[in-house]
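The values are calculated or read from the model by the stated rules, or taken from the named source; none is laboratory data. Here the structure is a predicted model, which is why all the values come from computation and not from measurement. Every residue, glycine as well, gets a Cβ built from its backbone with ideal geometry; the counts of neighbours run over all protein chains shown.
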Amino acid sequence: MKSKDTLKHAGKRKQLVDVLVKKGIKNKEVLSAISKIPRHLFMDSGFDDHAYQDKAFPIGADQTISQPYTVAFQTELLEVKRGDQVLEIGTGSGYQTAVLCELGIKVYSIERQRELFKKTKLFLPKLGYSPKHLSFGDGYKGLEQYAPYKGIIVTAGAPYVPKPLMAQLAIGGRLVIPVGDDPQIMTLFIRKNDTQFEKHEFGEFRFVPLLENKN
């Protein structure tokens, strides 16, 4: 862990966890992960004082680091456990990736922005987080070679649900995806069998758009 993580930062993380609990996050493992991960290190140093506010912030390449509540909410919806295989669409800063790694998840992640992909691939190991696979490419296509996945989490707004992601979900697996333009509706699909999915909706969220057509 970088030496720039201080007791002051740890105190701010505890306060953030308290905020998330008040907003309805119940999963203790998710809350514990957020209490451990130095979110300020995923952001430009100029945002250091704001890192533990429950807000999204820009990280470059017209992308953002998601609001902590959103990260916690999506992770909680996945209902995955240690050792499960999860596909993340939109690596971004790597903060959500780190939360999944902290939970002991086998993480496979795709990033569409080359600048962020290169930066995050180098950065995460410095913090002690080792996803199973990071790739640069089109999140709409998923990563078929490692499927099926117990969980798939999409961290950008999708105008529609990509069929490859549905196909790569294991039976009993859960796909968490914000669907629509602006705002998006947080949507959960649970795969019941080869052809049937159970759908649940959880209200409005705002994400940057999920981009496609990147080989």
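Details
- Number of residues in the stretch 164-181 that are out of contact with any helix residue (DSSP H, G or I) (no Cβ under 6 Å at 6 or more places or on another chain) and either assigned to a helix (DSSP H, G or I) or more than 21 Å from Asp138 (Cα to Cα) (or both) equals 6.
- Selected residue (criterion: nearest to Pro178 (Cα to Cα)) from residues of the stretch 109-153 that are surrounded by fewer than 17 Cβ atoms within 10 Å (Cβ to Cβ) and among the charged types (D, E, K, R): Glu144
- Hey, Leu31 in contact (Cβ under 8 Å) with a residue 12 or more places away in the chain and closer than 28 Å to Ala170 by Cβ or not: yes
- Pairing each residue of the stretch 62-79 that is charged (D, E, K, R) with any residue that is part of a helix (DSSP H, G or I), provided the two are 6+ apart or on different chains, yields C-beta distances under 7 Å for Glu76/Val30.
- Residues that are in contact (Cβ under 8 Å) with a residue 40 or more places away in the chain and of a type outside the set (Val, Ile, Thr), drawn from the stretch 99-113: Leu100, Glu102, Leu103, Tyr108, Arg112, Gln113
- Some residue of the stretch 200-211 being of a type in the set (Asp, Glu), within 16 Å of Thr75 (Cα to Cα) and in a strand (DSSP E or B): yes
- Some residue of the stretch 60-77 being touching a strand residue (DSSP E or B) at 6+ places or on another chain (Cβ under 8 Å) and at pLDDT below 95: yes
- Being modelled with pLDDT of 95 or more, farther than 27 Å from Gln184 by Cα, basic (Lys, Arg) and more than 16 Å from the chain's Cα centre (by Cα) is a property that does not hold for Lys23.
- Taking residues in the stretch 114-131 that are in contact (Cβ under 8 Å) with a residue 12 or more places away in the chain, and partners anywhere that are assigned to a helix (DSSP H, G or I) and β-branched (Val, Ile, Thr), the pairs with Cβ atoms closer than 7 Å and at least 6 places apart or on different chains are Leu124/Thr97; Tyr129/Thr97; Pro131/Thr97.
- The single condition from (1) buried (at least 19 other Cβ atoms within 10 Å of the Cβ); (2) over 30 Å from Ile190 (Cβ atoms); (3) in contact with a strand residue (DSSP E or B) (Cβ under 7 Å, 6 or more places away or on another chain); (4) not small (Gly, Ala, Ser) that Val86 fails is (2).
- The stretch 135-163, subset assigned to a helix (DSSP H, G or I) and among the aromatic types (Phe, Trp, Tyr), residue farthest from Lys81 (Cα to Cα): Tyr140
- Unique match (being farther than 25 Å from Ser35 by Cβ, touching an Asp or Glu at 6+ places or on another chain (Cβ under 8 Å) and in contact (Cβ under 8 Å) with a residue 40 or more places away in the chain) among Gln96, Gln168, Gln184: Gln168
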